[in-house]
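All remarks here apply to the structure that follows.
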Amino acid sequence: MIITVSGSPGTGTTTLARALSVQLGLPWVNSGELFRKIASEKNISVKEMNRMAEKGPEVDYLIDDAQRSLAKERQGVFEGRLSGHLLDADLKVLLKSDLRTRAERISKRESKLLEDACQETRLREESEARRYKKYYNIDINDLNVYDLVVDTGRFNESGTLAIVLAAARSRQCP
């Protein structure tokens, strides 16, 4: 089974993907980890890799190719902003929440002022939306590719996990 978990920063994608991995006994593939692995393989710093990613789509394409390759080789829970758009999966999940809730989570997690977290998150999302449209012709706000959309501002971690587990188990072959 291949499950994708996508969502904006602060929606809980990592928390959910990790929990699904444990509950379903599937490997967890995180696009951020792939990014760091590729940087290491190229003998460059993550900071330098980020600079390269800002200049063009090549870094993003490397990560996408790595995800696609892993998805062809094995089952897993694939976490990434574009995973639901890029992978052929048994279940595609999008987590969402309002900006304020996400900024509060990011502020707490990263020990930032709430106002800073809110502004940084908004700017990041605007930048990503432009980049995804330009390089992939993907409208990140189009939810039609997802099988399940969960508002994590309305459900806690265990509630979100229960919803997604029920959906995943209903998709498994007998």
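The values are calculated or read from the model by the stated rules, or taken from the named source; none is laboratory data. Since the structure is predicted, the reported quantities are computational estimates derived from the model, not experimental observations. Note that we place each Cβ from the backbone using ideal geometry, even for glycine, and neighbour counts take in every protein chain shown.
Note down all Cβ pairs under 8 Å where the first residue falls in region 9-21 and is under 20 Å from Arg169 (Cβ atoms) and free of Cβ contacts under 8 Å to residues at least 60 places away in the same chain, the second is surrounded by 23 or more Cβ atoms within 10 Å (Cβ to Cβ) and among the aliphatic types (A, V, I, L, M), and they're at least six residues apart or on different chains.
What qualifies is Ser21/Val77.
Would you mind finding the one in Val22, Val29 that is modelled with pLDDT of 90 or more and touching a Leu at 6+ places or on another chain (Cβ under 9 Å)? Walk me through how you get there before you give the answer.
On the way: Val22 fails: touching a Leu at 6+ places or on another chain (Cβ under 9 Å).
So the residue among Val22, Val29 that is modelled with pLDDT of 90 or more and touching a Leu at 6+ places or on another chain (Cβ under 9 Å) is Val29.
What's the total number of residues in region 146-162 that are part of a helix (DSSP H, G or I) and either touching a Pro at 6+ places or on another chain (Cβ under 9 Å) or surrounded by fewer than 16 Cβ atoms within 10 Å (Cβ to Cβ) (or both)?
Pass one, region 146-162, residues part of a helix (DSSP H, G or I): 157-162.
Subsequent filtering for residues that are either touching a Pro at 6+ places or on another chain (Cβ under 9 Å) or surrounded by fewer than 16 Cβ atoms within 10 Å (Cβ to Cβ) (or both) retains 157-159, 162.
The number of residues fulfilling the criteria is 4.
So Asp139 fits all but one of (1) assigned to a helix (DSSP H, G or I); (2) free of Cβ contacts under 8 Å to residues at least 12 places away in the same chain; what number is the exception?
(1)
Conditions tested, residue by residue: (1) of a type in the set (A, V, I, L, M, F, W, C); (2) more than 12 Å from the chain's Cα centre (by Cα).
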| position | (1), (2) |
| --- | --- |
| Ile3 | yes, no |
| Gly7 | no, no |
| Thr11 | no, no |
| Gln23 | no, yes |
| Trp28 | yes, no |
| Ser31 | no, no |
| Asn50 | no, yes |
| Arg74 | no, yes |
| Val77 | yes, no |
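Given the conditions (1) loosely packed, with under 15 Cβ neighbours inside 10 Å; (2) closer than 17 Å to Ile3 by Cα; (3) in contact with a Leu (Cβ under 9 Å, 6 or more places away or on another chain), report the number of the one that Arg122 does not fulfil.
Answer for Arg122: the failing condition is (2).
Using beta carbons and a limit of 8 Å, which pairs, at least six apart or on different chains, have the first residue in region 113-131 and charged (D, E, K, R) and the second one part of a helix (DSSP H, G or I)?
Every condition considered, the pairs that remain are Asp116/Ser107; Glu120/Ile106; Arg122/Leu99; Arg131/Asp60.
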